[in-house]
Every structure is written in structure tokens, then in C-alpha cells.
Amino acid sequence: MPTKKQTIGWIGAGRMGYEMAGRLAKDGADILVWNRTRDKATPLEKYGAKVADQIAELAARDIVFCMVATYKDVKEVLTKLLSGKPKPKMVIECSSISLEGSAELREMLNKHGIQYLAAPVSGNAKVIKAGRLTFVCSGPKKAYEEAKPYLDAMGTGSSYVGEGELARIVKICHNVFLGVVIQSLCEITVLAQKAGVPRHAFLDFMNKSVMGSTFSKYKTPALVNLDFKVTFTPQLLRKDLDLGLDAGRHFEVPMPLASATRDLIQSMIGQGWTEQDFATLILQQAEASGLKLKPENVEVGDGLS
Ligand SMILES: NC(=O)c1ccc[n+]([C@@H]2O[C@H](COP(=O)([O-])OP(=O)(O)OC[C@H]3O[C@@H](n4cnc5c(N)ncnc54)[C@H](OP(=O)(O)O)[C@@H]3O)[C@@H](O)[C@H]2O)c1
């Protein structure tokens, strides 16, 4: 029976990593966190986490989680982690990365006799706070069983999809869908508004309909009141669309909607909209439609809090 007695190392206290590590700390885990910018990790001490000065301090932990940005960053931090003598028993990698990167990582970890679980996630920082993060996992079933109690402590659970890097393609598909859905939601919201329907009224109906979703609900405040405080950057979304298109090319699957959406995200980045949430796509859509959007200043729920 898996227990929660392992010592945990945590790499990355960005928007996602901070909240995930925070949940583990609040759950009572013995957790040591390292972040490149140390200051971002220090507030985790209030939940009982320890903060490391050097990444090497995490090498003697039983399980090390990694939540950074791209595969290049994952490789960089894990190479540093493994450069000393002590080695963790297991690495659980949660960033959204390619199948190829994940396979390279598996080879590198297997050489050191370290178990490896690919465990990307669905949900932003607010979703984690609401206890609704989910994981998709692949790798040895035994590693998954050992990791499960910790994954459960961070959200509503995990799906095991098989051996190797299968979790990566599931996450890539998930985020291609995220990109296409947000662009579509922006298009129809602008269309309804240009025809005379206030955004809050339109989205109220959409959210109550069978087409409404957790996602359409939690993006509603941003689309109505134009609050673009970043939850997920346009660059990270572009990375995921690029991963989707690469996978489409590899498996010979046409992805016309993903392709168009990728270019729309690219034009948003090209215009310099990089430091705002990806829901800024609605401003681009409005500009292309000759509309100047204003916040509606209507109180709307996000379905999470
Ligand atoms: N935000 C979301 O809604 C969401 C949802 C699901 C999955 N994801 C995925 O989760 C991952 C993290 O996303 P995020 O939104 O948390 O990003 P973020 O806020 O930009 O955080 C990135 C983290 O990675 C660290 N990092 C980046 N490059 C590094 C390097 N070369 N060496 C060491 N540390 C490095 C950063 O350290 P510093 O603090 O020092 O910069 C920070 O801790 C990404 O793969 C993303 O695609 C995000």
C-alpha cells in the first residue's frame, strides 16, 4: 500500500509549481523546494516547506518533482540535480514538454537507475487553489502507484494512460484544445457583441448551456471585465501549439484548426502582447472586427471560488 512517508524535493516555484508545492506542504509533506529565483519560493515556508539554496540539496530526496517551463529548462535543471553523488529514487516531471524530450529524459534517468514518471497537468494556479488540478501520467505502473498519494494531495486525481511518454501526447492534445477553444470563445463573444449582445449576457447563456464548461466559466471574468492578469502566458501556449503541430507532422495527422490558432497566438505575441494572459486573444479579435472593447464592470463568477 503506498504511503506518504517519502521525502520530497520540488524544482520550480513559478505560477504552477508554487501552488502545487504549497498544496503538498499544507498536506504535511516533508518538502524541500528549489527555485532559480529563490525569493519566489520563500513564502512557501509559511506552509511548512523548506527552501534550498542549491538544487544539489534536493538530490538526496526520495522523490523529486519538476515544474519549470520548456524541455530545455527541464534538461538544464535535472542535469544539475544529477551531477552529484546522491540520487533521488524517483523523478516526477510535470512541465508540458515534447514526447522526444520526455523520452530523452527517461533514458538519462534510467541510466542512473532512477524511476521516472511523466506527469503533466491540467489547470492553472486558480484551479490548483480550488483543489481541482488533475494529472495525466505515464511510465512504470509501479512508479505511478508510489506517486499517487502525492498526486492526489494536489488536486482531484490522476489518469494513468500507459507506459513511456503517452502522458505527453495526452497533455499536448489537451492544450491544443485549450488554444482552439479560447480562440473560438473570443470569436463568438465578439460576434455576439458586435450584433448588440453584452458579453456578460452572452457568456451567461453559454455557461448555462450544454456547451458551457469549467473552462468557459473560469475565463468569463477575463472576457467580460478585460482583466488579463496572467494565468498562462501566450508564449507557453504557443509552445504547446507548436508541440501539437510537431506531433501532427510526426504522426501524419492534419490539424487545420490548431494551425490557424497557432498563427493567431503568434500575431498576438508579434504585437507585443506577451505579459498578459492568453485570453488577450479577445482584444486581437475585437481589433480585427473594428470594435474597441471596454470592461463591462459586471460582477461575474468564475465557477471556482
Ligand atoms: N500556467 C498554466 O495555466 C499551466 C497549466 C498547465 C501546465 N502549465 C505548464 O507548466 C509549466 C510551468 O508553467 P507556469 O505557468 O508555472 O510558468 P512560469 O510561471 O513562467 O514558471 C516557470 C518556472 O520555471 C522556472 N524556470 C524556467 N526556466 C528555468 C531554467 N532554465 N532554470 C531553472 N528554472 C527555470 C522559473 O524560475 P524563475 O522563477 O527563476 O523564473 C519558474 O519557477 C510549463 O511547462 C507550462 O506549459 C502551465
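Say the dipole of the chain comes from +1 at the beta carbon of Lys and Arg and -1 at that of Asp and Glu; which of G290, H112, N225 then lies farthest toward its positive end?
H112
Report, in whole Å, the centroid distance computed from the Cα atoms of region 120-165 and region 62-117.
Centre-to-centre (Cα) distance: 16 Å.
Report ³J(HN,Hα) in whole Hz for each residue of region 253-264, in order, from the Karplus equation J = 6.51 cos²θ - 1.76 cosθ + 1.60 where θ = phi - 60°; Gly and Pro get x.
10, x, 9, x, 5, 4, 5, 5, 5, 4, 5, 5
Angle, helix 141-153 long axis vs. longest principal axis of the chain, Cα atoms, 0 to 90°, nearest 10?
60 degrees
On alpha-carbon atoms, Rg over Rh for region 1-93 using Kirkwood Rh?
Using only Cα positions, Rg/Rh for region 1-93 is 0.93.
Using a probe radius of 1.4 Å on heavy atoms only, what accessible surface per residue do you get for region 12-74? Whole Å² is fine.
45 Å²
Past the 16 angstrom mark, what percentage of all C-alpha to C-alpha distances in region 96-184 do you count?
Values: 2201 of 3916 pairs.
So the portion of pairs separated by more than 16 Å is 56 percent.
Which one, G270, Q54, S259, is farthest towards the positive end of the dipole of the chain when Lys and Arg carry +1 and Asp and Glu -1 on their Cβ?
The listed residue farthest towards the positive side: Q54.
Could you look at the chain and say what percent of its accessible area is carbon and sulfur, using a 1.4 Å probe and all protein chains?
Ligands and nucleic acids excluded, carbon and sulfur reach 56 percent.
Quick one: angle between helix 199-208 and the longest Cα principal axis of the chain, in degrees between 0 and 90, rounded to 10, please.
It is inclined by approximately 60 degrees.
Can you tell me the length gained on complete extension of the stretch I188 to K46, counting 0.36 nm per residue apart and subtracting the Cα distance?
Contour length minus Cα-Cα distance gives 46.8 nm.
Once the Cα atoms of helix 234-251 and of the chain are each reduced to a long axis, what angle between those two axes, in degrees from 0 to 90 to the nearest 10, is obtained?
The helix 234-251 is inclined about 80 degrees to the chain.
Compute the projected area of the convex hull of the Cα atoms of the chain, averaged over all viewing directions, and report it in nm² to one decimal place.
Numbers: hull surface 65.5 nm².
So the Cα hull casts an average projection of 16.4 nm².
Using a 10 angstrom Cβ neighbour count of at most 14 plus a DSSP loop assignment to flag exposed GluC sites (Glu not before Pro), which longest range of the chain is free of such sites?
Value returned for the longest uninterrupted segment is 1-162.
Would you mind working out the magnitude of the charge dipole of the chain relative to its Cα centre, with +1 at each Lys and Arg C-beta and -1 at each Asp and Glu C-beta, to the nearest 20 Debye? Provide the component values of the computation, followed by the final result.
On the way: 39 positive and 33 negative charges, 112 e Å.
In total the dipole reaches around 540 debye.
For n ≥ 4 DSSP H runs only, could you compute -39500 (n - 2.57) per run for the chain, divide by its residues and tell me the 222 nm figure to the nearest 500?
-15000 deg cm²/dmol
Considering only protein heavy atoms, what per residue accessible area in square angstrom results for region 129-255 with a 1.4 angstrom probe?
On a per-residue basis, 46 Å².
Work from the charge dipole of region 168-282 (Cβ charges, +1 for Lys and Arg, -1 for Asp and Glu, about the Cα centre) and give the residue of V170, S209, H250 farthest towards its positive end.
In region 168-282, that residue is S209.
What is the distance, in nm, between label points placed 7 Å from the Cα along the Cα-to-Cβ direction at K129 and at V298?
Label-label distance for K129 and V298, simple model: 2.4 nm.
From Cα pairs below 8 angstrom and at least 6 apart in sequence, can you work out the relative contact order of region 36-134, rounded to a whole percent?
23 percent
The values are calculated or read from the model by the stated rules, or taken from the named source; none is laboratory data. Worth saying up front: this structure is predicted, and the values here are computed from it rather than measured. Positions of Cβ are backbone-derived with ideal geometry, glycine not excepted, and every protein chain shown enters the neighbour counts. Ligands, DNA and RNA are stripped out before the accessible areas are found, and what is left, the full protein with its side chains, is counted by its heavy atoms. Shrake-Rupley method; radii C 1.70, N 1.55, O 1.52, S 1.80 Å.
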